[in-house]
Structure formats: structure tokens, C-alpha cells
Amino acid sequence: MKKVSVIAAAVVGVLASGSAFAGDLQFNGYMRAGIGMNADGGAAASYGNGGSGHAVGRLGDEVDTYAEIGLGKEVYNEGNTAFSIYTRMSYATKEGNVDRQGNSMQRVGDGGPWDSGNTSLREAYAKGDFENYTIWAGKRFYQRKDIHILDFYYLNNSGYGAGVENIDTGIGNFSAAITSSAEDWQGDYSCGLGGVNGNGDCVGDNWKRAYKADFRLAGIEANKDGSIDLGFIYGTTSLTDAQKDSANAGSAGDGDLADNNGMLLTFEHTQGNFFGGFNKFIVQYGTDGLAVGGFDNHAGEGMNAVEGTGYRFIDWGVIEQEKWNMGYSFIYGSKDIDKTTSKTTHLDGKTDFYNAVIRPGYKWNDHLATVLEVGYANERRTSSLMTTDSGEWKDLTKVTLAQEWNAGSNFWARPSIRAYVSHYSGDKVQEDTNGNKAETMVGVQVEAWW
């Protein structure tokens, strides 16, 4: 451990040295953590998380620790050309809907709440900035679009790839990229196609590879203070002959891989100077592996369903006034999946969804605010695979009241230290694993970015 620490310190020292490379070290990041409890006893519970998003709003609905540390540096700058490198590490407690933060040294692994946690290299890429374009290659968060108050990414084609950006077409900036995904997210990554043989050995390769072409045209002038962004993603899987044969044979275990494709279209209109803030209106339509519906987080990332279509409408934004501000979001969408694999039967059938979340806050002064977040979500799934509740609407309502101490009065001012109470009601209210009703939560949380 001491040797690793010495090496790490040396690396950081070299990166920070102005004599080693051109430019300054870029340091940025994000974090959230806090303490919470269920008023009925036991650990705090939530109805969303970083993977699925928060359909009734994230304020007072987060029970995890998550942190990102980003380091970047411009390493070359001559004339009209510059090269930069970027890295980003993250740490997270085990994802879920109950507090598993623990209270001891957060080691890597999955040994329970006292020593579990996950680390990841989220970004590792380089880019070259030339006079009329930028190229990049590696692993990165690629031009993501999200609704902050939901922790919801309605467009997120991130991962490994390469591309070109910032080409001025006269009507907008054009970008093109190729990205990949390798997944078998409901199976065992360590084992093989079809599971194990009689000797308990892994057989074959059960990772489904998909490759996606991503085209964007951003900043198209539409009206006064308004602009349009367009996005088109086309993805297709690339299976080996053995994977195709196993999937066609319908073998048990991990052999159910889909040889499918799909596309995702995104239209986004941004209205600036909107009551001191902005408003965004989005329309999305997806087919087959990239079919998108109501509250499907990280759209564009994976190739899940086999055959089907989906669409959604989103309107969200922020209003900023002298004594108050407000974040808001409205989503309506529908998805109809005709064919799935045995691993994705949860997508089968038709899913309709809508929600509304508002977060108004009153500014007592530049650093103290009282915030109310009210969220409502309603969902209906109709499927022949469901033995109960098929075609029935199920709703959830959340009301959170928070007192915040902020580094500024703007809606986006962070760090924010907040004490909150959240109450849930509706069809989706449930008991936690200990039998406690997950209705009322209280806690204190910090959220920060820099």
C-alpha cells in the first residue's frame, strides 16, 4: 500500500508540474452523500437510484454515496493545434433502493454494507483540437443530455468510441461518432455462452457486442434566444456464428442473445432567456433495440429489446427570479415491444408512462433557501406475461420539504447541504426488506460539483 501511495503521489506531482506539460491541471468532480432514516424504523428507502432515475424527483429520494473525480490536462499547444487528455474515476456504494452506505472504510467489493463499494474508470480519452474540427478517441461521457432534478439521462450514448466534433456547417455544429457496448447485463459476466458444462466450466462468450453510429447537429438557430439540436443514432449487434447458433437454438442459461438493430431520433428545442432561466422541449422516437418509452433512463446506451417501437415527449427547465427559483419536468411516453429475449421479458408488451415534478425554492438570502419538491408518476404495463395487474395504472406521489445552505443563491449553486423530510403515497408504496413501511424518510445530504 505504501509503494502504491508513493507512486500515486509522484504521478500527481508530475501532472501538476508546469514544467512537464503545457497548460494547467483541470480538476473537477461531483459527489453526494448523507444520513437518512425511515420514520417507521430502519434504513432510509427510496423509489429511484442513479441507474433508473427518480420518477418523482431526486430531492430526498437518494440513499447512496456517489463521487466522481476528474483530472484533465492540455499537453500540447502549438499554433492552431492542441491536444488534451481526460480521466475520471468514480466511487459508489451498492446501487438499490435502501441505504447501504455503511460506516466503515469503503473498500472495493460486495461484502455487505460495511465494506462494499464499486470503483470505475468512467472516462479515459484524448482529444485533438484543430482549426476547424476536434477529434477524440477513448472512453467518455459523450454529449449527454439530462434532467438534473430526476437524475435522468434522456440521451446518453457514452462509453468507448471515437469521433469528430465542432464542424461548423453554417447552420449548426456537426458531430459524428462510433461507439460500442458490450453487455449481458442480466447474466454472469464471468461465465460463458449457455452457462456452464457438466464439469462446471464456462463455455463460450456471452457478451453481446453492439456498435452505434451517432450523428448530432447542434445550435441550429430557431427563434429569438431559441435553438434546435438534432440527434440520430443507429445501432446494430455483432454476434459470432457460435453466438447466433446458440441464440437460434434457444439454449438455456446465457445463450439468449439478440441479433438485432435499432435507431433513436431526438429533437430538442432550447428556449433561452425564459423567465431568467431556460426551457427545453424534447421529442424522441426509437425502434427495436433502441426503442424508448416514458421513463427509460440512459437512452441510446444499450441494445435491449428485439422488436418494437416507442416515443416520448419531455418538457423541462429552470426559472430563476430574484427571491425564488424553480426546476420542473414533465414526461409522457409509450413503448410497445413485440419481441424480447428471455433476459428482457420485463420489456414485453406495452408500457405507458407520465410524470410531473416541480421544485420551487424561496431564497431567504444568498445562502439560505427553503425548497419544496412535489412529484407524481403513473405507469401502466400491459403484457400477456403478467399474471396480475396487467393493464392497470400504478402511481406514486412524493412530497419533500428541505432547508438548504448553499454556496450562492442560484438554482445551480453548489455545494448544497440540505435537511429534508420526504413522504410517499400511492399504489407503489411498499414495505422494505425488513417489513417497514417505506412512507416517510428524514435525513441530511450534501450534493456538490466543482
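Using the 1.4 Å probe convention, the accessible area of the stretch 297-450 works out to 46 Å² per residue with neighbouring protein chains retained. Given a Förster radius of 25 Å and the C-beta distance between Val446 and Ser52 as r, what FRET efficiency does 1/(1 + (r/R0)^6) yield to the nearest 0.05? Using R0 = 25 Å, I get an efficiency of 0.65. Counting only residues at least eight positions apart within a chain, or on another chain, the lysines with an alpha carbon under 28 Å from that of Lys398 are Lys94, Lys145, Lys280, Lys323, Lys335, Lys350, Lys363, Lys428, Lys437.
Counting every alpha-carbon pair across the stretch 371-450, the share separated by more than 17 Å comes to 62%. Placing pseudo-labels 7 Å out from each Cα toward the beta carbon at Asp338 and Asn80 gives an inter-label distance of 5.1 nm.
If a spin label sat at a point 7 angstrom from the Cα of Asn410 along the line to its beta carbon, the backbone N atoms of the stretch 340-384 nearer than 15 Å would be those of 366-367. Per-atom-type breakdown for the stretch 31-107 gives carbon and sulfur 56% of the accessible area (1.4 Å probe, protein chains only).
Figure note: Met441, Met89 ranked by solvent-accessible area, largest first, 1.4 Å probe, ligands and nucleic acids not counted: Met89, Met441. Spin-label model, Asn28/Thr387: points 7 Å from Cα along the beta carbon direction are separated by 5.1 nm.
Using a simple spin-label model with pseudo-atoms 7 Å out from Cα toward Cβ, Val421 and Ile69 lie 3.8 nm apart. Once the Cα-Cα distance is subtracted from the 0.36 nm per residue extended length, the Leu401 to Lys244 segment shows a gain of 51.2 nm. Taking amide H as placed 1.01 Å from N in the peptide plane, Thr341 has its amide H under 5 Å from the amide H of Val306, each at least 5 places away in sequence or on another chain. How many angstrom lie between the C-alpha centres of the stretch 374-408 and the stretch 62-94? Rounded to whole Å, the Cα centres lie 34 Å apart.
Surface composition of the stretch 229-348: carbon and sulfur atoms hold 55% of the protein heavy-atom accessible area at a 1.4 Å probe.
The values are calculated or read from the model by the stated rules, or taken from the named source; none is laboratory data. These figures come from a predicted structure and were not determined experimentally. As a convention, Cβ positions derive from the backbone with ideal geometry for all residues, glycine included, and neighbour counts pool all protein chains shown. Remember, those area values only see protein heavy atoms, side chains included, never the ligands or the DNA or RNA. Shrake-Rupley method; radii C 1.70, N 1.55, O 1.52, S 1.80 Å.
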